[in-house]
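The values are calculated or read from the model by the stated rules, or taken from the named source; none is laboratory data. Given the structure is predicted, the values throughout are model-derived calculations rather than measurements. Cβ coordinates were reconstructed from backbone atoms using ideal geometry, including for glycine residues, and neighbour counts include every protein chain displayed. Each accessible area value is taken on the protein alone, full model and side chains, heavy atoms only, with ligands, DNA and RNA left out. Shrake-Rupley method; radii C 1.70, N 1.55, O 1.52, S 1.80 Å.
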Amino acid sequence: MERTLIIAKPDAVQRGLIGEIVRRFENRGLRLIGMKFIHMSRELASRHYAIHEGKPFYEALLDYITSAPVVVMAWEGSDAITVARNTIGATRPAEAAAGTIRGDFGMEVGRNLVHGSDSVENGEKEVSLFFANDELFAWSRDTDRWIFED
Ligand code: DAT
Ligand code: MG
């Protein structure tokens, strides 16, 4: 099972899209293992986006992600990284396919609504950056055998 960190970013929260975003991952079949409502500090945001440090959009990205509360979630599933990235859509909403979150609700890259981890390694790292072990739950759903083959 892979793990991915999903963030409903400030614009998603402000626009009342928390439920819509959660619904899409639930519908897909991913299993929620952690969730909280936080207002990210600049320190935490800079750790989360460390790989983008020095890029022209870096400061604006930190301003945006720290501008208002967000919902951080950890989701688990087979191929969770790929499944979540495909559910979210391309980084630039203008290029995101219809049917994806960004393709259905977004217009601009600096307001692209959702974060999803981009690799198995980063999924593990990002989940542990935002969640303590006792904030994550290993549980099985009664529907798991109808969603996962093994
Ligand atoms: P993603 O969020 O799809 O994983 P990323 O990791 O490349 O994309 O970048 C992180 C965020 O930074 C992205 O969601 C929006 C912002 N961003 C990326 N490229 C940008 C650019 N060229 N101009 C402005 N913002 C950008
Ligand atoms: Mg990324």
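Annotations for the structure displayed:
- A simple spin-label model places the labels of Arg47 and Ser67 2.4 nm from each other, with each point 7 Å out along Cα-to-Cβ.
- Probe 1.4 Å, all protein chains present, accessible-area order of Leu62, Leu32, Leu136, largest first: Leu32, Leu136, Leu62
- Ordered by solvent-accessible area of protein heavy atoms (1.4 Å probe), largest first, the residues Asp142, Asp11, Asp63, Asp150 come out as Asp150, Asp142, Asp63, Asp11.
- Mean separation of Cα pairs under 8 Å and 6 or more residues apart, divided by the residue count, gives the chain a relative contact order of 35 percent.
- Calculated [θ] (222 nm, deg cm²/dmol) that DSSP helices of n ≥ 4 give over the chain, each run adding -39,500 (n - 2.57): -10500 deg cm²/dmol
- Prolate/oblate/rounded label for the range 2-139 (Cα gyration tensor, a/c 1.5): rounded
- Computed FRET value (nearest 0.05) for Arg23 with Glu59, which takes r as the C-beta separation and R₀ as 30 Å: 0.35
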